[in-house]
Amino acid sequence: MKNIFISGSMGIKSINKLVLERIENIINEQFTILVGDANGVDASIQQVLTNKSYKNVKVYCTGNYPRNNIGKWELVTVQTEHKPKTRLYFTAKDLEMANHCDYGLMIWDLKSTGTLSNVFQLLTQQKTSAVFVNKLRKFVKINNIKDFEYLISMMSDKAFEIADKKIHLKEKITTNRNKQLTLFPEADKPTPPAPQPNSGF
């Protein structure tokens with residue numbers, strides 16, 4: 001039985017019909033869905049699954065009490081020594097979902113660093129993500145570092161700079177790639193590679 005980690009930006013409240021189709025496929029396969037307890041995509045996905053009366057769901061939260069567990073599913077609590085309500089505190093549950101999943105389905109607003117971190121974490125574990133770029137209404141399949149570079153090339157300069165300060169995007173990529181390849185100049189945004197076709201799992 002495969003585990004699908006579904007995650008996305010807190011600023012996205014409505015789930016696009018293309019994503020709903022993917023979720024329907026997951027349900028038909030009876031895969032286990034791993035989802036967080038945050039507002040935004042997490043809560044919206046929980047509502048979708050509740051409406052469909054889907055039971056094969058696990059909700060992950062940091063600490064003992066979830067912010068959202070709409071369907072009253074199995075709760076996985078994650079303990080951490082990081083200060084409550086900080087980014088690292090909430091990231092602890094995301095790392096656990098990344099560790100326990102087989103694939104990722106991410107819904108991204110072209111700026112959320114949490115979603116990007118989840119995609120990158122799966123990449124380091126050699127796990128595939130299908131990232132739905134909400135604004136463009138398209139999926140991007142992430143199998144390797146070049147795919148990830150293509151994904152972040154869609155960001156605005158400002159969003160890229162903010163993300164780099166928060167989660168060290170350049171450092172993440174340059175340490176992941178072959179040392180013989182230079183992905184970025186030290187202060188430049190990456191050059192987009194050739195576009196890839198829309199992909200799913």
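The values are calculated or read from the model by the stated rules, or taken from the named source; none is laboratory data. Treat the numbers as computed from the prediction; the structure is a model and nothing was measured. When we count neighbours, we look across all protein chains shown, and the Cβ atoms used for this are built from the backbone with ideal geometry, even at glycine.
Observations on the structure shown:
Residue by residue, here is whether (1) acidic (D, E); (2) crowded, with 18+ Cβ neighbours inside 10 Å holds:
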{"position": "S53", "(1), (2)": "no, no"}
{"position": "V57", "(1), (2)": "no, yes"}
{"position": "P66", "(1), (2)": "no, yes"}
{"position": "E81", "(1), (2)": "yes, no"}
{"position": "L88", "(1), (2)": "no, no"}
{"position": "T91", "(1), (2)": "no, yes"}
{"position": "D94", "(1), (2)": "yes, yes"}
{"position": "N99", "(1), (2)": "no, no"}
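- Among residues of the range 62-79 that are closer than 15 Å to A38 by Cβ, those with a Cβ under 7 angstrom from a residue that is among the aromatic types (F, W, Y) and modelled with pLDDT of 95 or more, sequence gap 6+ or separate chain, pair up as V76/Y60; V78/Y60.
- Meets criteria (modelled with pLDDT of 95 or more and surrounded by fewer than 20 Cβ atoms within 10 Å (Cβ to Cβ)) for L75: yes
- Verdict on F132 being at pLDDT 95 or above, in a helix (DSSP H, G or I) and touching a helix residue (DSSP H, G or I) at 6+ places or on another chain (Cβ under 9 Å): no
- Between V48, V76, the distinction of being outside any loop (DSSP other than H, G, I, E, B), within 17 Å of C101 (Cβ to Cβ) and of a type outside the set (G, A, S) belongs to V76 only.
- Test for K146: is it free of Cβ contacts under 8 Å to residues at least 24 places away in the same chain, of a type in the set (K, R) and either assigned to a helix (DSSP H, G or I) or crowded, with 17+ Cβ neighbours inside 10 Å (or both): no
- Selection of first residues in the range 115-133 that are farther than 13 Å from N176 by Cβ and of second residues that are modelled with pLDDT of 95 or more and of a type in the set (K, R), restricted to Cβ pairs under 9 Å at least 6 apart or on distinct chains, gives the following pairs, ordered by first then second residue: T128/K141; S129/K141; A130/R22; A130/K141; V131/K141; F132/R22; F132/K138.
- With respect to the stated conditions, N143 is within 25 Å of I27 (Cα to Cα) and either at pLDDT below 95 or touching a strand residue (DSSP E or B) at 6+ places or on another chain (Cβ under 9 Å) (or both).
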